[in-house]
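Please read the structure below before turning to the comments.
The values are calculated or read from the model by the stated rules, or taken from the named source; none is laboratory data. This one's a predicted model, so the numbers in the text were calculated from it and none came from an experiment. Cβ sites come from the backbone with ideal geometry, for glycine too, and all protein chains shown count toward neighbours.
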Amino acid sequence: MTDKPEAATTETQSTHAALGLEPEKLVEMYRQMVLARAIDRRMWVLNRQGKAPFVISGQGHEATQVAAAAALRPGVDWLVPYYRDLAFCIALGLTPLDFMLSVYARADDPSSGGRQMPSHFGLKRARIVTTSSVVATQVIHAAGIAYAAKVRGLDEVAVTCLGEGSTSEGDWHEGLNFAGVHKLPFICIVEDNDYAISVPHRLQMGVDSVARRADGYGMAGDTVDGGDVLAVYAVMKRAVERARAGEGPTLVAAKVARFTSHSSDDDQRRYRPQEELEALLRRDPIERFRNHLQAEGLLGEEEDERIQQNAASEVDQAVQQAEAAAPPDPANLELHVFADGC
Ligand SMILES: Cc1ncc(C[n+]2csc(CCOP(=O)(O)OP(=O)(O)O)c2C)c(N)n1
Ligand SMILES: [Mg+2]
């Protein structure tokens, strides 16, 4: 590439080099973040246009998600995600069209054939397991998948994600306890964005980081700046190595920022102070990673521009195709709802 800025210092190069991340991989991770953000922003526009009745966002969580995905083997390891994991799923192989088919509730939506709400991700080919809207139930499913991998002697890791508020659910405790007892190849990432809808972290738990509870489950625990791609990757790399070596599970608390309201059904200006909302603007993980890559001489202005433009046109195309796609057949309405559904 001819448009790259000055080469990086030895010290910064050694950071990603020490982690085993090639420069091309870093730029690819940046591309995934940009694409996820472009898709996410568009779904809010579709919501305001009356085309998507409900949307829920991953804006502000992207660094944690693409870094975690980079530590996994797509199609081998398992992800049991939650509704903010768009960038995670993109990094594992979900396409903009796959996602837009779910936003429009079309028949070919790979998550559920248009039956689930958008952002209830599921993608068989990428081993992304579809989940319920009932928060924390996915933790038990992930523990079960990890248990099956252990019993069968398979070299597979199960990762699950949820918000910090959802750790108040009994399912979370049961899943983590089971994973700790059986030393499972299991990783739980808590994407701590300080809020559970309108309830702040300080009213949810008496500890600054939920990872402090790891010891009580007999597992490793890490708290990480979830806006720092390399820091999250380092933590996840260790957690995956631990899981593959049969050394048991890890609980990761990633401190992230929630840029949008909880969903399209609330307005965070009603419960978050203005200064706090303004401070969020300084915590954009994409801007931060872009600055980092540019400072290291790994991303030039032209390449960045290309990445942004490609993301925009991929999203345009996906929206057009999804809008034109067929809706589910009403005759299949009861499929997966009742045991004898057609
Ligand atoms: C068992 C259960 N209780 C309540 C809800 C309603 N609900 C959906 S998301 C949410 C907040 C979750 O907050 P958090 O776990 O911090 O995740 P975040 O949305 O902040 O990423 C609640 C209360 C639910 N879906 N399931
Ligand atoms: Mg939260």
Among the candidates Thr130, Thr167, Thr160, single out the residue that is at pLDDT below 95 and closer than 28 Å to Arg115 by Cα. Thr130
Would you mind finding the one in Ala146, Ala136 that is away from ligand 2 (no atom under 16 Å from the Cβ) and either within 17 Å of Asp85 (Cβ to Cβ) or surrounded by 19 or more Cβ atoms within 10 Å (Cβ to Cβ) (or both)? Ala146
Regarding region 173-191, can at least one residue be identified that is within 16 Å of ligand 1 (Cβ to nearest atom) and surrounded by fewer than 24 Cβ atoms within 10 Å (Cβ to Cβ)? yes
With the condition kept exactly as written, say whether any residue in region 33-45 is in contact with an Asp or Glu (Cβ under 9 Å, 6 or more places away or on another chain), within 16 Å of ligand 1 (Cβ to nearest atom) and over 29 Å from Gly180 (Cβ atoms). yes
Leading residue by the ranking (nearest to Lys183 (Cα to Cα)) among those in region 119-161 that are hydroxyl-bearing (Ser, Thr, Tyr) and touching a residue at least 60 places away in the same chain (Cβ under 8 Å): Thr160
Provide a single number: the residues in region 174-198 that are at negative phi and either of a type in the set (Gly, Ala, Ser) or over 21 Å from the mean Cα position of the chain (by Cα) (or both). 11
Consider Val129 against the criteria (1) more than 15 Å from ligand 1 (Cβ to nearest atom); (2) of a type in the set (A, V, I, L, M, F, W, C); (3) more than 20 Å from Ser111 (Cα to Cα); (4) touching a helix residue (DSSP H, G or I) at 6+ places or on another chain (Cβ under 9 Å): it satisfies all of them except one. Which criterion is unmet? (3)
Kindly indicate which of Arg282, Arg258 is buried (at least 17 other Cβ atoms within 10 Å of the Cβ) and more than 21 Å from Pro23 (Cα to Cα). Arg258
With the requirement that a residue be assigned to a loop (DSSP other than H, G, I, E, B), in contact (Cβ under 8 Å) with a residue 60 or more places away in the chain and more than 12 Å from ligand 2 (Cβ to nearest atom), what does region 185-207 give you? Pro185
Take region 88-104 and flag every residue that is buried (at least 24 other Cβ atoms within 10 Å of the Cβ) and not in a helix (DSSP H, G or I). Leu94
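One line per residue, one yes/no per condition, for (1) in contact (Cβ under 8 Å) with a residue 24 or more places away in the chain; (2) closer than 30 Å to Val181 by Cβ; (3) outside any helix (DSSP H, G or I):
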residue: Gly246; (1), (2), (3): yes, yes, yes
residue: Ala257; (1), (2), (3): yes, no, yes
residue: Arg269; (1), (2), (3): no, no, no
residue: Glu278; (1), (2), (3): no, no, no
Is it true that Pro200 is buried (at least 24 other Cβ atoms within 10 Å of the Cβ), more than 19 Å from Gly122 (Cβ to Cβ) and more than 8 Å from ligand 1 (Cβ to nearest atom)? no
Residues that are out of contact with any strand residue (DSSP E or B) (no Cβ under 7 Å at 6 or more places or on another chain), at pLDDT below 95 and either within 25 Å of Glu323 (Cα to Cα) or within 16 Å of ligand 2 (Cβ to nearest atom) (or both): does region 93-101 have at least one? no
Restricting attention to region 217-244, and to residues there that are part of a strand (DSSP E or B) and hydrophobic (A, V, I, L, M, F, W, C), which single residue is nearest to Arg290 (Cα to Cα)? Val224
Asp208: acidic (Asp, Glu), surrounded by fewer than 23 Cβ atoms within 10 Å (Cβ to Cβ) and within 12 Å of ligand 1 (Cβ to nearest atom), yes or no? no
Long-range neighbours under 7 Å by Cβ, at least six apart or interchain, first residue in contact (Cβ under 8 Å) with a residue 12 or more places away in the chain within region 225-238, second among the aromatic types (Phe, Trp, Tyr): Val229/Phe289
Restricting the search to region 280-316, which residues are assigned to a helix (DSSP H, G or I), under 15 Å from Asp228 (Cα atoms) and among the charged types (D, E, K, R)? Arg282, Arg283, Glu287, Arg288, Arg290
List every residue pair whose Cβ atoms lie under 7 Å apart, where the two residues are 6 or more positions apart in sequence or sit on different chains, the first residue falls within region 62-87 and is at pLDDT 95 or above and crowded, with 24+ Cβ neighbours inside 10 Å, and the second residue, located anywhere, is among the aromatic types (Phe, Trp, Tyr) and not in a helix (DSSP H, G or I). Pro81/Phe121; Asp85/Phe121
Do you know which of the residues in region 152-184 that are more than 16 Å from ligand 2 (Cβ to nearest atom) and assigned to a strand (DSSP E or B) is nearest to Arg213 (Cα to Cα)? Val159
